[in-house]
1. From the alpha carbon gyration tensor of the chain, can you work out the equivalent ellipsoid semi-axes (sqrt of 5 times each eigenvalue) and give them in Å, largest to smallest?
2. Scan around Ser61 for amide H atoms under 5 Å from its own, H built in the peptide plane at 1.01 Å from N, and keep only partners 5 or more places away or cross-chain.
3. Sort Trp175, Trp71 so that the residue with the fewest other Cβ atoms within 10 Å of its own Cβ comes first and the one with the most comes last.
4. Show the residues, 5+ positions off or on another chain, whose built amide H is closer than 5 Å to the amide H of Gly49.
5. Below 30 Å Cα-Cα, how many Lys pairs turn up in the chain? Only count pairs eight or more apart in sequence, or on different chains, if you could.
6. Run the helix sum for the chain: -39,500 (n - 2.57) per DSSP H stretch of 4+ residues, divided by residue count, reported at 222 nm to the nearest 500 deg cm²/dmol.
7. In percent, what relative contact order does the range 2-199 have, based on Cα pairs under 8 Å that are 6 or more apart in sequence?
8. With no solvent and one equal point scatterer per Cα, compute the Debye intensity ratio I(q)/I(0) for the range 59-141 at 0.10, 0.15, 0.16, 0.17 Å⁻¹ and report its log10, rounded to two decimals.
Amino acid sequence: MLACKIIFGFAGGTTTVFDLVAYMASQFPYLHEYRISGYTSMIGNVDAGYLYSVSMILPDSQDPTDADAVWEPILTHVNATWPGALASYDVKPYGSFLSFFNDHHDTNPAGDNHWSGSRLVDPETLRNKVREVRDALQAMAGTDVLQVVLPFLLSGEGVWNAKPRGGGNAVVPAWRKAMAHISKFHGHAIPLVSSCLSQSSVGRHINA
């Protein structure tokens, strides 16, 4: 398998990063054709600037040129549309998922205090409503000092056609047609009660 890590940077004073994030989400159906899956994350604010990272895996190959061929049309478009945004591109082969996991598993301490909101988004919306997704992403980010938006490419045939052991169907029905899980979180100090009502609709902005 190949681990692909791509990082983009945007200076303060612009919200152009949301155009790039929406474009990348619109490419999820294309990436899915190559069985690619993984995470993207945007963090920052309009004053300090934004960092957008893409962490994906391409299974069934240890040849970095295979990943290069998949990403080439996307990065060509990015470099033409947002010159200078691409900060780094790295592909690393792994002999097994375990070896990949050993390098990439989350080592942060367990436990956090935040409100989370998310939506499951289908391929047609990602492909055909790029502007609407872009505006929804910016609305989701809000005006937090630290804005975090997390579009994940986590679905596909394996999820759509899953047959849970035991014959059950314990899955949210939207997973049967979704391709992206887009979420954000808003951090809180304890206690959380004081702003429960104001933050309870954080995930309302995108509807599949």
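1. Those come to 26, 23, 18 Å.
2. For Ser61, whose amide H was placed from the backbone, the distant partners under 5 Å are Leu2.
3. Lowest to highest Cβ neighbour count: Trp175, Trp71.
4. The answer is Gly12, Gly13.
5. Qualifying lysine pairs in the chain: 9.
6. After summing the helix terms and dividing by the residues of the chain, the value is -9000 deg cm²/dmol.
7. After rounding, I find 30 percent.
8. Reported log10 I(q)/I(0), two decimals: -0.47, -1.05, -1.14, -1.20.
Read-outs throughout are calculated quantities, based only on the coordinates presented, and are distinct from any laboratory measurement. Everything quoted here is computed from the prediction, not taken from an experiment. Cβ coordinates were reconstructed from backbone atoms using ideal geometry, including for glycine residues, and neighbour counts include every protein chain displayed.
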